[in-house]
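The values are calculated or read from the model by the stated rules, or taken from the named source; none is laboratory data. Nothing here was measured: the structure is a model prediction, and the numbers come from that model. Note: ideal-geometry Cβ built from the backbone for every residue, glycine included; neighbour counts use all protein chains shown. In case anyone asks, the SASA skips ligands and DNA or RNA and just uses the protein heavy atoms, side chains included. Shrake-Rupley method; radii C 1.70, N 1.55, O 1.52, S 1.80 Å.
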Amino acid sequence: MRIKIDTSALRETSSYHYAIRFLFGGCITAAAGMIAKQWGPVVGGLFLAFPAIFPASATLVEKHEKQKKEKIGAHGTVRGRKAAGVDAAGSTFGSLGLILFGLIVWWLIPYHRPVWVLPVATSVWLIVAVLAWYIHEML
């Protein structure tokens, strides 16, 4: 599978589905804030790293793929699960990059200005996530 940007999915998704993602992401963030208040910012920060939108996104991806297949008269359960699996793989690779992003910011921010640290950390995140995807595809 080639990595590409497909904006057609933005038109296919209803505002209701965007609202579900937004609400779920907000709930995860609020829960991380409550955890931080109870057990401190270090523990709360770990929960903020949870990909807040992923659970809602994975279920919506599965549902959309299943509906597409059912429109043409096929059973779309397997296709939906595979599409959700691809979404999960992408989230995993993005999370690997996010871990390195956090480590780089944590390591460099005390010694350098944020205006330099954040672009470097963001570049590393992007490179690691894309490289992980390519390695996964080669195996």
Considering only segment 83-103, state which residues are crowded, with 16+ Cβ neighbours inside 10 Å and farther than 23 Å from Leu48 by Cβ.
Ala83, Ala84
Among the candidates Trp116, Trp106, residue that is touching a Leu at 6+ places or on another chain (Cβ under 9 Å), surrounded by fewer than 17 Cβ atoms within 10 Å (Cβ to Cβ) and either at pLDDT 80 or above or under 22 Å from Ser14 (Cα atoms) (or both)
Trp116
Under 9 Å by Cβ, and 6 or more places apart or on different chains, what pairs join a residue from segment 84-95 that is touching a residue at least 60 places away in the same chain (Cβ under 8 Å) with one that is open to solvent by 30 Å² or more (accessible area, probe 1.4 Å)?
Val86/Met1; Val86/Val61
Would you be able to tell me the number of residues in segment 84-128 that are under 30 Å from Gln67 (Cβ atoms) and not small (Gly, Ala, Ser)?
4
Among the residues of segment 82-93, is there at least one that is under 23 Å from Ser14 (Cβ atoms) and touching a Gly at 6+ places or on another chain (Cβ under 8 Å)?
no
All but one of (1) surrounded by 16 or more Cβ atoms within 10 Å (Cβ to Cβ); (2) within 22 Å of Ser95 (Cβ to Cβ); (3) without any contact (Cβ under 8 Å) to a residue 40 or more places away in the chain hold for Lys66, so report the exception by its number.
(2)
Contact list, first residue from segment 28-56 and modelled with pLDDT of 70 or more, second anywhere and among the basic types (Lys, Arg) and open to solvent by 50 Å² or more (accessible area, probe 1.4 Å), beta-carbon distance below 8 Å, six or more apart or interchain, is Gly44/Lys37
Taking the conditions exactly as written (modelled with pLDDT of 85 or more, open to solvent by 70 Å² or more (accessible area, probe 1.4 Å) and within 25 Å of Cys27 (Cβ to Cβ)), does Ile135 satisfy them or not?
no
